[in-house]
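Right, one structure below, let's go through it.
Just so you know, all these numbers are worked out from the coordinates, no wet-lab data involved. Just so it is clear, the structure is predicted and the values come from calculations on it, not from any experiment. Every residue, glycine as well, gets a Cβ built from its backbone with ideal geometry; the counts of neighbours run over all protein chains shown.
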Amino acid sequence: MNRMKPARLEWKNLTSRPARRAAVCAAAVGLLAPLAAGTAEASHRYSVPVGSWQAQVTREGAAYEVRLSFRLDRTVCLVSPAGASKGSWSRTGTDAFDYRIRETWHDEGGAVTGWVDIDQDAEQSGSSFTSSGVSTVYRPDGTVDSSVPVTISAVRTGPPDPAACA
């Protein structure tokens, strides 16, 4: 019996280099799209706070408006009646994140009159979030003056504000 060897198959690259590059670029855009979507609206799988927010701060005896700006680099800026302050944020769950900000207070001459350590845990639902935590107020010498529970309700107003905390 005469057996024939099967023809050897050669795998040739049927895709040109420009076509491969286009495919890689398309895949990269697909991977980065959720990050871009997070600036205007949360991705379908994860909520992220990236963007600008108008917020109502409530503590015992007081309520006031502030602006928050969460950035992709995990920084957060607070613009309040006391001025602009910077901190950081991190995601803690699918629809949860926490953030911490140090807000320094100054007198008319620019001398530090104290500061507050703002520590909040947040739950996000689309373009709004609520958070709660404790704010610790410090005297200029670094001793604790008081600690107060604080709640914040916020609504997203747009992309991160590059001028906040600038």
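Along the stretch 50-67 the Karplus relation, 6.51 cos²θ - 1.76 cosθ + 1.60 evaluated at θ = phi - 60°, assigns HN-Hα couplings of 4, x, 9, 9, 9, 10, 9, 9, 10, 9, 4, x, 7, 8, 7, 9, 9, 10 Hz to successive residues, with x for each Gly and Pro. Packing-based ranking of 122-133, 87-98, 47-58 yields 47-58, 122-133, 87-98, ordered from highest to lowest mean Cβ neighbour count within 10 Å. For Tyr64 and Val134, a Förster radius of 25 Å and the Cβ-Cβ distance give a FRET efficiency of 0.90, rounded to the nearest 0.05.
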